[in-house]
Amino acid sequence: MNITPAHLAALKALGYTEAEARFLYIVATHSGYFVARQFLAFTAAHWGYRTNTFWSKLHTKKHARTECFPKSGTVYHLFSRRLYRQIDRENIRNRREHEIEFIHRRIGMLDYVLSHPQWKYLETEPEKVSYFCNQLKVPNHFLPSKIYHGQKTSQPTVRYFVDKFPMFVAIDAPSPVVTFTYLQGQEAHITGFVRHLEAYLPLFRHLSEFRFLYLGRFDSHFEKAKELFESLVTIPLGSDVSAELLRYFQIRKAWDLGLYASLSEVDLIFRNQAKTRFSGQRFEHLYRGWKVARVSESDICRDFGGSTRHATVHFAAEVLRPFAISEEDAEGET
């Protein structure tokens, strides 16, 4: 966990204990929201004087507000600009109000970070941009980004890695390998996961090795997530462009002939993605020629060749458990 002594001292100067300051730093950096069980587990405390004092500090100093939801109970939201300024996070979006789906995800992200303090997290947007652009030499236009438009007189702002999912580097590995994570929301579908992979694929193409961890409260989407990841990331990064182009042509031909039953959901997702990538007159000409056997597969392989750089990709899925400690491990209040 990357917590500098200066940041801890700055939070303690606001009146918080060492443990409270550490917890607030992690919440502000990775979530913005937390629930009582997370604080109790982190400080190994029971409900009592210490917890009541902590809640009182947060509200008296106007550093946090409580939000109550019918099915989610009480959620604490750190919103104080002053508190975020103490740790150089003044402009982070965590302090803004959000919808319940966003809040659920943030609490899940906090559960993961609290449960895995051993990782070296890339905590902020500048840290992530610096790691990929300066250390790995990836041009910034390949990073996942979003453009925010302000007032009419202001210039649009480009922000990177706006999803804020935990990202870390294993410092004990022979060579540092970055791990990306994705936390499945409560929605019944995983179209958001597809959009996420599409946004990150240009970056993935510039990495020689990386890990991807799919997190969910339940394992119901794990098989589909693995299938989609292999189709949209593992296979394309481990194959050459000609193989991808031929696969697109085969799927497109089946679609044009109305053979919809022969296409899987993964095929259709690949088609939609490849349609954007292989657009333009050159590819249209190739497709029409291939469709009537005027252009052969060997012709396409010769023109596009194989990729000389393949990525080593590791995918794993994990059930995200609530961060908590057992009653026998909790220490009594003093």
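Short to long, the 20 Å bins of the Cα pair-distance histogram for the chain hold 26, 50, 20, 4, 0 percent of all pairs. Across the alpha-carbon set of the stretch 95-158, the Rg to Rh ratio works out to 1.06, Rh being the Kirkwood radius.
A viscosity of 0.890 mPa s and a temperature of 25 °C, combined with the Kirkwood radius over Cα pairs in Stokes-Einstein, give a translational diffusion coefficient for the stretch 250-291 of 227 µm²/s.
Counting pairs on different chains as well as pairs 8 or more places apart, how many Lys pairs in the stretch 81-166 have Cα atoms under 16 Å apart? Before the final figure, lay out each step's value.
Details: LYS120/LYS128; LYS120/LYS164; LYS128/LYS137; LYS128/LYS146; LYS128/LYS164; LYS146/LYS164.
Eligible lysine pairs with Cα atoms under 16 Å apart amount to 6.
Relative contact order for the stretch 87-185: what percent, with Cα pairs under 8 Å and sequence separation of 6 or more?
Numbers: 87 pairs, mean separation 27.1, N = 99.
So the answer I get is 27 percent.
The ARG288 and GLU127 beta-carbon pair, evaluated with R₀ = 51 Å, returns a calculated FRET efficiency of approximately 0.60. Measure out, as a whole number of angstrom, how far apart the alpha-carbon centroids of the stretch 69-139 and the stretch 189-224 sit. Between the Cα centre of the stretch 69-139 and that of the stretch 189-224, the gap is 19 Å. With a simple spin-label model that places each label point 7 Å from the Cα along the Cα-to-Cβ direction, the separation between ALA13 and ALA36 comes to 3.3 nm.
Could you give the C-alpha radius of gyration of the stretch 142-301 expressed as a fraction of 2.2 N^0.38 Å, taking N as the number of residues it contains?
Values: Rg = 18.8 Å, N = 160, 2.2 N^0.38 = 15.1 Å.
Normalised by 2.2 N^0.38 Å, the Cα Rg of the stretch 142-301 equals 1.24.
Summing Lys, Arg as +1 and Asp, Glu as -1, what charge do residues with Cβ under 12 Å from the Cβ of CYS133 carry, CYS133 excluded? Before the final figure, lay out the partial values.
Details: positive: LYS128, LYS137; negative: GLU125, GLU127.
Result for the local shell: 0.
Using 0.36 nm per residue of separation minus the Cα-Cα distance, give me the extension gain between ASP256 and PHE102 in nm, one decimal.
51.5 nm
Counted residue by residue at 0.36 nm each, then reduced by the alpha carbon distance between them, the extension gain from ALA324 to HIS141 reaches 61.9 nm. Taking label positions 7 Å along the Cα-Cβ direction at both ASP303 and ARG277, the computed distance is 1.7 nm, reported to one decimal. The rule of thumb for compact globular proteins, 2.2 N^0.38 Å, goes into the C-alpha radius of gyration of the stretch 211-299 1.26 times.
Packing, as the average of other Cβ atoms within 10 Å across residues, places the peptides 257-265, 226-234 in the order 226-234, 257-265, highest first.
Of all lysines in the structure, those lying under 18 Å Cα to Cα from LYS275, and not within fewer than 8 positions of it along the same chain, are LYS253, LYS291.
Within a straight-line Cα-Cα reach of under 19 Å, LYS57 can be paired with the following aspartates and glutamates, leaving aside sequence neighbours fewer than 8 residues apart in one chain: GLU18, GLU20, GLU67, GLU333. In percent, rounded to a whole number, the relative contact order of the stretch 1-92 is 29, using alpha-carbon pairs under 8 Å and six or more apart.
Quick check: residue separation of GLU67 and GLU198 times 0.36 nm, minus the Cα distance between them. What number comes out in nm?
Numbers: separation 131, 0.36 × 131 = 47.16 nm, distance 3.39 nm.
Extending this stretch completely gives an extra 43.8 nm.
With the other protein chains left in place, how much accessible area per residue, in square angstrom, belongs to the stretch 76-183 at a 1.4 angstrom probe?
Details: 5640 Å² over 108 residues.
For the stretch 76-183, the per-residue accessible area is 52 Å².
All C-alpha pair distances within the stretch 139-235, sorted into 10 Å bins from zero, spread as 13, 41, 32, 12, 3 percent across the bins.
Using a 1.4 angstrom probe on heavy atoms only, work out the carbon and sulfur share of the accessible area of the chain in %. Spell out each step's value before the answer.
On the way: 9130 of 17380 Å².
Accessible surface attributable to carbon and sulfur in the chain totals 53 percent.
Percent of Cα pairs in the stretch 64-119 per distance bin of 10 Å, from zero to the largest separation: 20, 46, 32, 2.
The values are calculated or read from the model by the stated rules, or taken from the named source; none is laboratory data. Fair warning: this is a prediction, and the values are worked out from it, not measured in the lab. Please note: Cβ atoms are built from the backbone with ideal geometry, for glycine as well, and neighbour counts cover all protein chains shown. Side chains included, ligands, DNA and RNA excluded: accessible areas come from the protein's heavy atoms. Shrake-Rupley method; radii C 1.70, N 1.55, O 1.52, S 1.80 Å.
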